[in-house]
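Since the structure comes first, as structure tokens, the remarks are kept for the end.
The values are calculated or read from the model by the stated rules, or taken from the named source; none is laboratory data. Fair warning: this is a prediction, and the values are worked out from it, not measured in the lab. Cβ sites come from the backbone with ideal geometry, for glycine too, and all protein chains shown count toward neighbours.
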Amino acid sequence: MDFIDGLPRSEGFTVILVVVDRKKIVSDRDKVFLSHFWRELFRLQGIVLKRSTTYHPQTDGQTEVVNRSLETYLRCFISETPTLWAKRDIQFEVGERVFLKLRPYRQKTVAHRRNEKLAPRYFGPYEVLKEIEVVTYWLKLAPTATIHPVFHVSQLRKVIGDYTTNPELPTTLTEDLEVVMEPLELMGVRQKEDVTKC
């Protein structure tokens, strides 16, 4: 068992944990594996931890070979575009269903909520009607939606499984950046007294 660290960030991670044999772990006495937490975890899982001598690759040769192989593969995969190594091509077919990612706190055309952290991150699912370009898609939004139906691929996520719910898109704003709201019923009227009069 070993770590390969110092890698470029990929989806928030910079380290690879290498495990060659999950039942018998040979560790190079890394302080991580010598802590009380790990010793107790290994004991509960029935894993035998064998400690090797630090900087003595002969004891832990299998792990070192796997580390070198992984590093070689990564270098080959990212040789042409090292800054884009974590990016992947995303494409959708016409008729596929996708979730739409809208971030109201960043958009001027979507009304703000009081608790943005608890707001849904993805809306939908919506059907892909047309591929405009390689990275833009036309979605079948609800007839009441007042936003443009073409979205960049970075705002879409493929639907996996069967979803029957369809959260409404956030309330949109007018040209004057005001929320358009219509009351359902007038319950009563209260008039405020003018306290500035003497």
Study note, to complete from the structure: Restricted to region 124-141 and to residues being out of contact with any Lys or Arg (no Cβ under 8 Å at 6 or more places or on another chain) and not charged (D, E, K, R), the residue surrounded by the most Cβ atoms within 10 Å (Cβ to Cβ) is Leu139
**Study point:** Complete set of residues in region 142-153 that are surrounded by 14 or more Cβ atoms within 10 Å (Cβ to Cβ) and closer than 21 Å to Ile90 by Cα
**Key:** Pro149, Phe151, Val153
Point to revise | Any chance Leu102 is at pLDDT 85 or above and surrounded by 15 or more Cβ atoms within 10 Å (Cβ to Cβ) | key: no
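Being of a type in the set (Val, Ile, Thr), at pLDDT 80 or above and within 31 Å of the chain's Cα centre (by Cα) is the requirement here; does Ile47 meet it?
Judged against the criteria, Ile47 is not a match.
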Exercise for review: For Leu74, state whether it is outside the structural domain of Ile147 (by TED's automatic domain parsing), in contact with an Asp or Glu (Cβ under 9 Å, 6 or more places away or on another chain) and at pLDDT 75 or above.
Suggested key: no
